[in-house]
Structures are given as structure tokens and as C-alpha cells.
Ligand code: ZN
């Protein structure tokens, strides 16, 4: 059922599907190919009556360092399919259109789609959970963090006001969210627990076992009632403004990309993996 060369591993045991990001050599940097592999795995888990809960995990020392902005397999500029939107191909379009359309599909649209998976999802997070990876973890219903996990959204340095799936003021209080965005600093697992972003913090060596135990308990509950409870809370979040907040922030995000493209080297203000890593170490 699993292939070590696959971008995403998929495994089912005792009612729990585990979807594992599998580019550990590059801290599970998420390219578009991986995004569609995650989507296929989630679709498979949603359709399989033997699956009651889905765990999203990362192979190796880190959950994920975020979107792929620097490996040879970076593929965001290439044509790719559509699962979350009905937008046309972005790859041969000029100006802000290309960016707006591709991120609507691969980033915001996909994460919103995954949030609606009608079975409980649990992010199992160790090590880095940075930028694009936050969107993955936040789209899950529960988050179990290892004590070595850290969370950060440092993209303000790239001239954009946070990641595309803008849930920051819902994942933590607005005042904490501002500090999180303004500084881009790492938030420890313990701090993430204190601000209400994660459900459990467990020792690194117990992460898989504790996540599995939690998933197994939930998996024994009635399937349809779980789906309805999830829907009820998601609806509540949307009525509290989550969806509108994201739509408004997405427009600001693309004003920022367009501004960067007009005034600097590129839509990311000329920042790349090396400069972002250097800034994080300062
Ligand atoms: Zn963007």
C-alpha cells in the first residue's frame, strides 16, 4: 500500500488512515505534485467506509517547512489540474492573474476543501510547521504536537501579509496573531497549546502513539454524527467570520504580490530559501 518513493504515503489500520508527507530530505517541502497527492489521499480516505479518522503526518524530523520555494522539483509555475476551483490554467497568463489563479487553486482552495473532509482529521506535528505547513495543520480538526514542534509564519519578510489560508486571528487571539505575523518568530509547541492552537503537547518519542490513541478513540464514535459535529463547528467558525476574513485577506495578499512584482525582483520581494533561513537565524 505504501511506496517509499511516493510524495505521500497512505496507510489504513484499525479505522485510521495515515497520510504521510514524504519528502523528508527537504523537510517535506510541499510542491504542487505533493498537494495533489495529499488531495488524492484525502479523497481516498473520505470514500473508504473502513476509514473513520484521518491522521496527517510528516516523515522524518519535521512535519513540513512549507511550500517548496527552492528544490529542483518546485513546480508552481507549471500547468496543473483543478480540484478546488474552476479557474483556467495560470501558467501562460500575465501579471497578477497568474498568481491569483494558481494560489486560489493550489493554496487557498485546496486547504478549504480539505477542511471540509467529512471525517475527523488530526495533524501530527513534529519539528518545523512553517508558513505553507501551517495551512495544512490548520485545515485539520485537531493538532497533536510533539514537544519539539514549532510554528511560524515568516512570510511578511517576503512582503506578503501572512499565508493564503488566513486563519491567524481564529487560531490565536488577534493580538497574539499580530505579533506572530509582525515578527515571524517561532512559536513553541507549549506556547501554541497555551494560545489554543493545538490540542495536546506530547514528548517527541510518544507523538505517534498518542496521536494514534486519540484517533482510535474518535474512530469508535458514530460516523455520521462525527461528520455533523465537524460541520456544526466549521459553520460556527464561518459565521464568526472565518470565511469572509480569508476572502478579504486573500485580496490583500494579492495586492502585496502585485506590489512586490512592481517594485522589486519578484512577487516574493526577491526572498528565497537561503535569505529566509538566514533571517530566521538572526
Ligand atoms: Zn501567495
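Angle between the Cα long axis of helix 207-219 and the longest principal axis of the chain, 0 to 90 degrees, nearest 10? Compared with the principal axis, the helix lies near 60 degrees.
Multiplying the residue separation of residue 279 and residue 233 by 0.36 nm and subtracting their alpha-carbon distance yields 12.8 nm. Taken as Cα centroids, segment 39-102 and segment 160-200 sit 22 Å apart, rounded to the nearest whole angstrom.
Which ordering of 163, 125 is given by a fewest-first count of other beta-carbon atoms within 10 Å? If you can, show how the numbers build up before the last one.
Numbers: 163 27, 125 32.
By the 10 Å Cβ count, ascending: 163, 125.
At a 10 angstrom cut-off on C-beta neighbours, averaged per residue, how do the peptides 209-216, 266-273 rank from highest to lowest?
On the way: 209-216: 18.5, 266-273: 16.8.
Final packing ranking: 209-216, 266-273.
What's the long-distance tail for the chain, i.e. % of Cα pairs beyond 36 Å? That tail contains 10 percent of the Cα-Cα pairs. Taking label positions 7 Å along the Cα-Cβ direction at both residue 61 and residue 209, the computed distance is 2.3 nm, reported to one decimal. Quick one: if the Förster radius is 51 Å, what FRET efficiency do residue 91 and residue 175 give, using the C-beta to C-beta distance and rounding to 0.05? Efficiency, rounded to the nearest 0.05: 0.80.
How do 80, 224 rank when sorted from fewest to most other Cβ atoms within 10 Å of their own Cβ?
224, 80
Helical runs assigned H by DSSP (4 residues or longer) give the chain a calculated mean residue ellipticity at 222 nm of -13000 deg cm²/dmol, each run adding -39500 (n - 2.57) before division by the residue total. Suppose the Debye formula is applied to equal point scatterers at every Cα of segment 1-146; what is log10 I(q)/I(0) at q = 0.10, 0.11, 0.21 Å⁻¹? Ignoring solvent entirely, the Cα scatterers give -0.32, -0.39, -1.36.
Apply 1/(1 + (r/R0)^6) to the Cβ-Cβ distance of residue 188 and residue 14, taking R0 = 35 Å, and write down the FRET efficiency to the nearest 0.05. The partial results should precede the final answer.
Values: r = 32 Å, r/R0 = 0.90.
The formula returns an efficiency of 0.65 here.
On the beta carbon distance between residue 263 and residue 74, with R0 = 25 Å, the FRET formula returns roughly 0.60.
I need the shape label for segment 135-282. Rule: rounded when a/c is under 1.5, else prolate if a/b > b/c, else oblate, with a, b, c from the alpha carbon gyration tensor. Oblate shape, in that a/c is at least 1.5 and b/c is the bigger or equal ratio. When the chain is treated as a Gaussian network with alpha carbon springs shorter than 10 Å, the biggest mean-square fluctuation among 243, 175, 112 belongs to 175. Peptide packing for 52-63, 10-21 was compared via the average number of neighbouring C-beta atoms within 10 Å per residue; ordered from the highest value, the list is 52-63, 10-21. Computed from Cα positions, the angle between helix 174-183 and the longest principal axis of the chain comes to roughly 50 degrees.
Values quoted throughout were computed directly from the atomic coordinates according to the rules given, and no laboratory measurement underlies them. Predicted model, so just to flag it, every value in this text is computed and none were measured. Note: ideal-geometry Cβ built from the backbone for every residue, glycine included; neighbour counts use all protein chains shown.
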